[in-house]
Amino acid sequence: MNQPTAREVWHARAADRIAAGIDGRLLIDGRRYHAVDGRCFDCISPLDGKVIARVARGQAADVELAVTSARAAFSDGRWSARSPGARKKVLMAFAERMRAARDELALLETLDMGKPIAASLSADVPGAARCIQWYAEAVDKVYGEIAPTGGDALALISREPVGVVGAIVPWNYPMLMASWKLGPALAAGNSVVLKPSEKSPLTALRLAELALEAGLPEGVFNVVPGFGDEAGEALALHMDVDAIAFTGSTRVGRRMLDYSSRSNLKRVYNELGGKSANLVFADFDDLDRAAATAAGSMFYNQGESCNAPSRLLVQESIADDFVERVAAQAPGYAPGDPLDPTTRLGALVDARQTETVMGYIRSGLEQGARCVAGGEQVLQHTGGQFVAPTVFDGVDNTMRIAREEIFGPVLSVIRFRDEAHALAIANDSSFGLHAAVWTRNLDRAVRVSRALHAGTVHVNQYDEDDITVPFGGVKQSGNGRDKSLHALEKYSELKTTWIRIDAR
Ligand code: NAD
């Protein structure tokens, strides 16, 4: 008998996992519960359109229980009062559990939101575990300050956890985005209520189980799956939530500020959308590498990345040649079975997202852009959600495909004359997440990097990424920063303590 292929092995594992039943109940105070009103929603896999789990549909009553549990845990100090070194031990064990559960977590992530299993295994699970471990290792090395005030008093400046953190995250990197909140929030001593996206709730629930197994006390990390306008709204409006750490669309990020102003003025940290500009100047000599990166960074995760370089700005003198090189990359990203380890571009998260992306492709054509690669939905016979990697040339920065975040594998090429023209186009966007400049001219690299309105600027690359480096945007891409030691600032309050020193 022939050995099963790697793809067949993953399909067999998926069938077994689904047949064994995926627990979609809420996790509150260390236990799994049905929603108070007993309601559930179907978790549909974008691989084939089949229901893989029934998930509790959290409502205000469930959020109430979760916040009450998180508050009790915070107030009695079972986690918040532990020394940073003691918290570190538990979080290190949590990261180890995640690594040990790599295959299971990767499978759930891929089944739930469609990304290739190779990415889930090599990037999402290890990246999430590294994030938890990094904050665990960091938190007992962060010192307070003594202010230089003079002799008759002592002013101590310390950091305290904010209390109960509501984390609301999207579906494009469910485990990673959750970990970017959980790592610093838990390390700093907070309690967390996590509301995963209704499109990808499975790994969040499993993470909370692993955290409990690792020794995180009950009530410190609760998960309430559900819809945005139900569980999400209830969490963000809750009077006993001290901070909301939100990652998602700019549209919903706006609402977070509104919820805060209508409730208790909780801190709101928004990590929002992007329409990042990737500027390629004619003097850059390795156009093949620039083209491979322009396509690879755009089509990674099916284009469902907030920082995808979705506006490719190319200097006119090399534009024909460069667009050809980029379009030539597209077949290498032909959509395929996400459970096949050779697949580079998987399924879009759901049918609605496919409709959205196809709507943008139609609008690009209607507004006069030229489609030079892709442009169609494919593999429909699978029942899954697949769109071919698409490249539009001749895009004008006023077109919808240049202004709005598509969140699919659609690249818009815009031509520019010179540096000033390139910068004017790049900065003419309501977003400011990432940007890149490709040039061998050092002065230009520095000038353009300084002038680009973005939280991160890449020079002659786009794929560098590390937990040590802050991630976040300016303008309508948000205000917070995930990752790096700076993220700890979101999850702690500065406390000043004045101590009078009497003369003897
Ligand atoms: P979304 O804004 O629709 O949803 C994000 C989360 O908010 C989900 O959990 C959702 O249920 C919840 N939500 C929706 N409506 C709500 C409401 N009325 N009240 C409270 N909660 C609500 O975003 P999405 O489609 O899940 O994710 C894609 C977006 O996330 C893109 O815009 C992408 O750029 C952005 N994103 C940003 C970053 C970053 O770091 N800047 C990272 C990843 C994704």
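The values are calculated or read from the model by the stated rules, or taken from the named source; none is laboratory data. Just so it is clear, the structure is predicted and the values come from calculations on it, not from any experiment. So basically every Cβ, Gly included, is an ideal-geometry build from the backbone, and we count neighbours across all protein chains shown. Accessible surface areas use protein heavy atoms only, side chains included; no ligands, DNA or RNA. Shrake-Rupley method; radii C 1.70, N 1.55, O 1.52, S 1.80 Å.
For Cys40, the accessible surface of its heavy atoms amounts to roughly 50 Å² (probe 1.4 Å, protein chains only, rounded to the nearest 10).
Enumerate the residues in the range 135-167 having an amide nitrogen under 11 Å from the point lying 7 Å beyond the Cα of Arg500 toward its Cβ. Within reach of a label on Arg500: 153.
Applying a DSSP loop filter and a limit of 13 other Cβ atoms within 10 Å to the chymotrypsin sites (Phe, Trp or Tyr not before Pro) in the range 138-188 leaves Tyr143. This model, with +1 at the C-beta of Lys and Arg and -1 at the C-beta of Asp and Glu, gives the chain a dipole about its Cα centre of some 1060 debye. The loop-placed trypsin sites (Lys or Arg not before Pro) in the range 112-170, going by DSSP, that have at most 11 neighbouring Cβ atoms within 10 Å of their Cβ come out as Lys141.
The angle between the Cα long axis of helix 102-113 and the main principal axis of the chain comes to about 60°, on a 0 to 90 degree scale.
Over 32 Å between Cα atoms, which of Lys115/Lys181; Lys88/Lys275; Lys88/Lys195; Lys195/Lys275; Lys115/Lys195; Lys115/Lys495 qualify?
Numbers: Lys115/Lys181 21 Å; Lys88/Lys275 37 Å; Lys88/Lys195 24 Å; Lys195/Lys275 25 Å; Lys115/Lys195 21 Å; Lys115/Lys495 43 Å.
Exceeds cut-off: Lys88/Lys275; Lys115/Lys495.
When a 1.4 Å probe is rolled over the protein heavy atoms, the share of accessible surface on the chain that falls to carbon and sulfur comes to 52 percent. Centroid-to-centroid, using Cα positions, the range 97-164 and the range 61-79 are 21 Å apart.
Give the calculated FRET efficiency between Arg82 and His34 to the nearest 0.05, with a Förster radius of 30 Å applied to their Cβ-Cβ distance. Could the numbers behind the result be given before it?
Values: r = 31 Å, r/R0 = 1.05.
Calculated value: 0.45.
Computed from the alpha carbon atoms alone, the convex hull of the range 202-357 holds 182 Å³ per residue. According to the square roots a ≥ b ≥ c of the eigenvalues of the Cα gyration tensor, what is the shape class of the range 1-135, taking rounded for a/c under 1.5, prolate for a/b larger than b/c otherwise, and oblate for the remainder? Verdict is oblate for the range 1-135.
Counting DSSP beta bridges in the chain, what percent are antiparallel, to the nearest 5? List each step's numbers first, then the result.
Details: 29 of 67 bridges.
Antiparallel bridges make up about 45 percent of those DSSP assigns within the chain.
Averaged over its residues, the chain has an accessible area of 40 Å² per residue, based on protein heavy atoms and a 1.4 Å probe. If you sort the three axes of the alpha carbon gyration tensor as a ≥ b ≥ c, you get a/c of 1.5 or more for the range 1-71 and a/b above b/c, which makes it prolate.
Counting only protein chains, not ligands or nucleic acids, how are Leu182, Leu154 ordered by accessible area (probe 1.4 Å), most first?
Working: Leu182 0, Leu154 60 Å².
Putting Leu182, Leu154 in descending order of accessible area: Leu154, Leu182.
Rounded if a/c is under 1.5, else prolate if a/b is larger than b/c, else oblate: which is the chain, with a ≥ b ≥ c the root eigenvalues of its Cα gyration tensor? Oblate, since a/c reaches 1.5 and b/c is not below a/b. Applying a DSSP loop filter and a limit of 13 other Cβ atoms within 10 Å to the GluC sites (Glu not before Pro) in the range 385-466 leaves Glu464.
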